[in-house]
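Asker: Below: one structure in structure tokens.
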Amino acid sequence: MCKRLAFDEGTDSVSPMTSVLPSTEWWRSAVIYQIYPRSFADSNGDGMGDLLGIRDRLTALTELGVDAVWLSPFNTSPQNDAGYDVADYCDVDPLFGTLNDFDSMTSRAHELGLRVIVDLVPNHSSSEHRWFQEALAAPPGSPERDRYIFRDGLGENGELPPNNWDSVFGGRAWTRTENPNGSAGQWYLHLFDSTQPDFDWDNPWVRRQFEDVLRFWLDRGVDGFRVDVAHGMIKADGLPDWTPSSAGGSMGGAGTAAGADVSEAAAADARAAARAPFWAQEGVHEIYREWRKVLDSYDGERILAAEAWVDPLIDMAKWVRPDEMHQAFNFPYLETPWDAAQLRTVIDASINAFSEVEAPSTWVLSNHDVVRHASRLALTAENPQGHGIGPESAGLPIPELGLRRARAASALMLALPGSAYIYQGEELGLPEVIALPDDARQDPTWFRTNGERYGRDGCRVPIPWEADSPAYGFGPSDAAWLPQPADWAPLARDAQRGVEGSTLTMYTLALALRRAHDLGDGELEWLDAGAETVLALRNGDVLVYANTGASAVVLPAGEVLLSSGPLGDAELPADTTVWLRG
Ligand code: GLC
């Protein structure tokens, strides 16, 4: 149980915060910046980013021009999955600071006009959570065990796991427990690492605990939650065996494509039937309806944003029906290659699907789970989400090509109506760090697949602030929890700030223009691009041309507002996006 309204704890405690920022459905068009606390800014020199580090660097984000920040988890955690294994939902891990530091960071953000969204991890806790430790200590069938998904094993002596499910991180999704007398006991389910047991969301006790958690952070003034694995909390009755088709990623995504001659309802049923029994089950929606009521009982507009890997978009849109969440991350957009025709298809599908339920579309190109788009967009071999890239990967990108495409892709994304997410460091053009030494890697994916998948560390390296400081100004010492590449000085924020043509300058200008021209609340109209490789659109009084092809095309006449790269003489070069005044 969370101790609510805990504002009287310390001598320097602050008053409870209400959301003080103007409420005008801000989330429909907001640009939200993802802070990965471990790697944003370190205030005490231990090599790990922290909340005071974030607080003291927030002005860089107002200068960039974002509306809100989303923080990946900073709760108490053994850090087996970089904090997505929570051992206390209502406290801050000492690695990142204290609750008072959180309050101080939030006040500062609000003072600067930035909203604060925190990560909530409700599908599973850490195995070190008191709730799970109590469950282990209690006998099978006890109320404590019912908080999680414990089952007897199959086989003569229960030696086989209860079903055939695999963990997203590799290996099987079940671990066997040991009884107090040393004999082998029941098994528990973990869709992720074995230190991340899944809750049983059919149990009302679990639901009550999480309502308390929501209120705890809402009382502290947060403006919303990014809900981790928001498509995984309910499992199909009976936990049936399931064999994945090659179409879906390990986090869910594409089910079987339904034939063209069936009705939409029948096609949706077919997709639901093909889905894993642990992804996108109908029952999750009831949970979010309850949560929405809790959020709506607070002042301001507090939001829920779903991390739900659900394909196609018309199914994902269920997460953002008017009485459920506000936003869902648009992973189909993130997964679309740099190709005009495919981009147009996914942009149309997004706007159609989300507007059906009166929700804004979101747009995202990078986050802490995927290969940074400055590298991903130039990969020449298949790379499933979560596998990551390393020195031995096939199809490694040409860095210059990746950056050129990333800038063009970002310039396109920031011109689209709806809400856009930026992952820390993409505004600096950071690539994926490919050459991390094996012994530095920390992602459980790396360990659970015996190094077969590199995992996600390459997008999580502490970001560079100052070209000439130790750890590039990440903190006051030269420590960084993942080693930073030796060639990042030119990418540091201070080396790009105010410099014409830098990636940071392009992002800053794009965000200023986006605001000035109201693009987030605008409407998209496709234009005749004149070439198959070019995407042409109008949003209000801004015309956007994105050349995804390998050769230059004629640049339409008009005043250039923004360009993702140098323009030729009346030419729009390959892998370049331009905004013109319409
Ligand atoms: C989400 C997070 C990811 C984490 C996983 C398990 O996908 O974004 O980083 O590993 O959930 O919590």
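The values are calculated or read from the model by the stated rules, or taken from the named source; none is laboratory data. Note that this is a predicted model, so its numbers are computed, not measured. Cβ atoms come from the backbone with ideal geometry, glycine included; neighbour counts cover every protein chain shown. All accessible areas refer to the heavy atoms of the entire protein, side chains included, with ligands and DNA or RNA removed. Shrake-Rupley method; radii C 1.70, N 1.55, O 1.52, S 1.80 Å.
Asker: Using Cα centres only, tell me the gap between the stretch 98-118 and the stretch 460-494 in whole Å.
Answerer: Rounded to whole Å, the Cα centres lie 24 Å apart.
Asker: Which listed residue (540, 416, 563) has the Cα farthest towards the positive end of the charge dipole for the chain, taking +1 on Lys and Arg C-beta and -1 on Asp and Glu C-beta about the Cα centre?
Answerer: Result: 540.
Asker: Turning to a different aspect of this structure: Beta carbons within 10 angstrom, averaged per residue: use that to sort the peptides 534-540, 422-428, highest first. Don't skip to the end; give the middle numbers.
Answerer: Values: 534-540: 19.6, 422-428: 24.7.
Ranked from most to least packed, the peptides come out as 422-428, 534-540.
Asker: Which cysteines in the chain lack any other cysteine whose Cβ sits under 4.7 Å from their own Cβ?
Answerer: Result for the chain is 459, no neighbouring Cys Cβ within the cutoff.
Asker: Sticking with this structure for a sec: For the peptides 504-512, 475-483, what is the packing order when you average, over each peptide's residues, the other Cβ atoms within 10 Å and list the highest mean first? The partial results should precede the final answer.
Answerer: Working: 504-512: 20.3, 475-483: 17.4.
Result, highest mean Cβ count within 10 Å first: 504-512, 475-483.
Asker: Ok, one more. Rounded to the nearest percent, how much of the accessible area of the chain (1.4 Å probe, protein heavy atoms only) is carbon and sulfur?
Answerer: On the way: 11060 of 21950 Å².
C and S atoms contribute 50 percent here.
Asker: Report the Cα centroid-to-centroid distance between the stretch 415-433 and the stretch 536-566 in angstrom, as an integer.
Answerer: Between the Cα centres of the stretch 415-433 and the stretch 536-566 lies a distance of 19 Å.
Asker: To continue, here is another question. Accessible area, 1.4 Å probe, largest first: how do 571, 282, 466 sort? List each step's numbers first, then the result.
Answerer: On the way: 571 85, 282 110, 466 55 Å².
These residues rank, largest area first, as 282, 571, 466.
Asker: Moving on to the next point. Return one whole number: the accessible area per residue of the chain in Å², for a 1.4 Å probe.
Answerer: Details: 21950 Å² over 582 residues.
On a per-residue basis, 38 Å².
Asker: Right, here's the next one. If you place +1 on the Cβ of every Lys and Arg and -1 on the Cβ of every Asp and Glu, how big does the dipole about the Cα centre of the chain come out, in debye to the nearest 20?
Answerer: On the way: 45 positive and 87 negative charges, 50 e Å.
Magnitude of the dipole: close to 240 debye.
Asker: Which values of log₁₀ I(q)/I(0), to two decimal places, follow from the Debye formula for the chain at q = 0.10 Å⁻¹ with a uniform point scatterer at every Cα?
Answerer: So the normalised log intensities work out to -0.86.
Asker: How do the peptides 526-532, 410-416 rank, highest first, by the average count of neighbouring beta carbon atoms within 10 Å per residue? Before the final figure, lay out the partial values.
Answerer: On the way: 526-532: 13.0, 410-416: 25.1.
Highest-to-lowest ranking by the protection proxy: 410-416, 526-532.
Asker: Could you give the dipole magnitude of the stretch 379-452 about its Cα centre, charging the beta-carbon of Lys and Arg +1 and that of Asp and Glu -1, in debye to the nearest 20?
Answerer: 300 debye
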